[in-house]
Structure formats: C-alpha cells, structure tokens
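Here is the structure we will look at.
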Amino acid sequence: MGRITASIYLSLDGIMEEPGLWHMPYWDDEMANFQREVFYPSDALLLGRVTYEGFAAAWPKMKGEGADEMNGMPKYVATATLEEPQWNASFIKSNIVEEVTRLKRETDHQFLIYGSGQLIRSLMEHNLIDEYHFMVHPVVLGKGKRLFKEQDKRGLKLAGVKTTTKGVAILSYQASE
C-alpha cells in the first residue's frame, strides 16, 4: 500500500503562497538535510496544477544533487485544465480523491506532496495523507494564501520537532486515526 507525505513551507501566520519569495533567507544546511530525509525515500510526486507548473518550468534545467531523481520520478498531477503531460507526469483530471485512494491502495509508491494547498486540504479531508512536515518560518507575511481555511479542523499526532539555527520550526505530524 502506498503512503503520502506532505512537506509544506509556512509562515508564522499560516501563509504558504509563493515560498520562493520569502523562505530563502532561512535556508541552511539543517533545512537541506531535512529535505533530503523527506525527499530521498519518496519515489513519486503528487502535485496540484500550480505547483506542478512551477516545478516543471524550473527542475528540468537544474543540475546537481537531487535533480536527476526529481526529474526522473513519476508525477501525478491534480488538474482540470492542463492537457499535455510533460516532465514524466500523469494527470488526474477528475475524481481526485477516488483516484488518489486507488493509487494508494494499488501501488507501493511513497508519494511526496510539495506545496499544493488545495490538494492537501482535499486529501486531508478524506484522511489520505499519512504524514505532514510543516516548516514554520519565523516571518509574518500578513497576506497570501493560507494552507488551512476556517472550516478545516483535523487532529494530528506529533511525530517530531526540529528547529534550525535560523529559527525554522520543523513540525512533523502523523494523521490521527
């Protein structure tokens, strides 16, 4: 059976939008090591359309550590609008929850979700995410897309806490039964 892990950059006020614009001052060797711990056991990505488009535009040009693995692994993309899969992607065009449930049941993939807030909320609502890594950065952004909406309520079990010297709290949780 497959397993789904979500890895999310957040500001203190819960903003996840455009982390490339605000998280880099907090990137250090500790963050890099944690990302390796999460990335390398994974063998497939599960992404929303916006995250996929950003990654597909950037990663194929990258060289160095992780680039070959990222570019080579299969990507499953939740999208209602994209038509031409590229970058080793398959599109999930409808019944996303049903399709992800099937993928989890019928494969042994270790799925990793980066970003993809709408997808995370949908899968969380149906208890399909097994593990969460919230990298909470010491910055308040004030505006932007939040990971959680007012109606979201979910209990999680704390699985680990790490902090970096630059003040990022890495909070790892497992889904509650």
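Every number here is computed from the coordinates shown, using simple stated rules; none is lab data. Everything quoted here is computed from the prediction, not taken from an experiment. Positions of Cβ are generated from backbone atoms using ideal geometry, with glycine treated the same way; all protein chains shown enter the neighbour counts.
The table that follows gives values for the structure above.
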read-out: Residue list for the stretch 89-132, restricted to those being part of a helix (DSSP H, G or I), in contact with a strand residue (DSSP E or B) (Cβ under 7 Å, 6 or more places away or on another chain) and farther than 18 Å from R49 by Cβ; value: K104
read-out: In the stretch 24-38, the residues that are surrounded by fewer than 18 Cβ atoms within 10 Å (Cβ to Cβ) and closer than 29 Å to S176 by Cβ; value: E30, N33, Q35, R36, E37
read-out: Selection status of P74, surrounded by fewer than 19 Cβ atoms within 10 Å (Cβ to Cβ) and over 17 Å from the mean Cα position of the chain (by Cα); value: no
read-out: Which numbered condition K162 fails, given (1) more than 17 Å from the chain's Cα centre (by Cα); (2) outside any strand (DSSP E or B); (3) surrounded by 14 or more Cβ atoms within 10 Å (Cβ to Cβ); value: (2)
read-out: Residue tally, condition more than 14 Å from I8 (Cβ to Cβ), within 15 Å of the chain's Cα centre (by Cα) and surrounded by fewer than 18 Cβ atoms within 10 Å (Cβ to Cβ), over the stretch 80-129; value: 2
read-out: Residues of the stretch 1-55 that turn out to be more than 12 Å from I113 (Cα to Cα) and in a strand (DSSP E or B), as a count; value: 3
